Amino acid sequence: MLAVGVPSPGFRRLVLGGPELSRFAPHGRDQRIKLLVPTEVGLPRLARVGPARTRVAGPAAGAARRHAAGCRAATPRWRSGRGRGEVELDVFCHARPGPASAWAAAARPGAAVLLSGPDVRRGNPDHGVQWDPGPATEVLITGDETALPAVRGILAALPPHHRARVLVEVGDPADAVGLAGAHPGVTVEVCRRPGRSLLEAVTDWVGTHGAAAARLGDRFYTWNATESTRVARVRGLLHEAGVAPDRVHAQGYWHDRPRPAAR
């Protein structure tokens, strides 16, 4: 790890670098990569078991598998610096942290982390990308803090003729500053917690715009990412409004549930 910063109150910014990252393929949008962060028994290593497969190995392998190894997804930004590639990750630090959140909060320059992402030589521009609007030019984007890096990536890639309504729920509005940028077709509503919730904002949007969005067919698309049980309710609201299932991407980015004690 090259550097650690605090871009806004709820986030830690981790800058990763290394020779292998010169081949990292930045595909933007909501691209997901995997992090294998250290557990209480250390950092596992990856052993090659075939042309396209790896496995966790080494003394920490057992704990890695038992505790999901702190294997978590993140949305990267790529930047070039000092003659080599660097990957920048903004990680939201939950009040009740899981493995990745706790590790990010305590991370220091020089720390080790294993990263799994696309290789530029593979030539697949959709590797890890789930944003798939097809012909849609009217889009709805919803999420909480965990989705903000992906939302920023999506908006940065949004064509100028598209129109997007963005609904986000945050504890601190400073985490959502600058979402709309200079895009003329993007409008943003920031719901502050406690107070107006994301589900309330989506319910209101569906009541006003849901039927019209359903009539647009494949010209409408919606991308949604938040806590797993809440995103299921967002999906249900959109389906009840008549929006076709293939026009709705809904994904749980985290789980709000008690964590079992390590054994």
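Throughout, read-outs are computed from the coordinates displayed, never taken from laboratory work. Keep in mind the model is a prediction, meaning the values are calculated, not measured. Because the Cβ atoms are built from the backbone with ideal geometry, glycine has one as well, and the counts that use them run over all protein chains shown.
The table that follows gives values for the structure above.
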{"quantity": "Inter-probe distance in nm under a simple model that places probes 7 Å from Cα toward Cβ, at ASP204 and GLN130", "calculated": "2.7"}
{"quantity": "Region 89-227 - convex hull of the alpha-carbon atoms, volume per residue in Å³", "calculated": "143"}
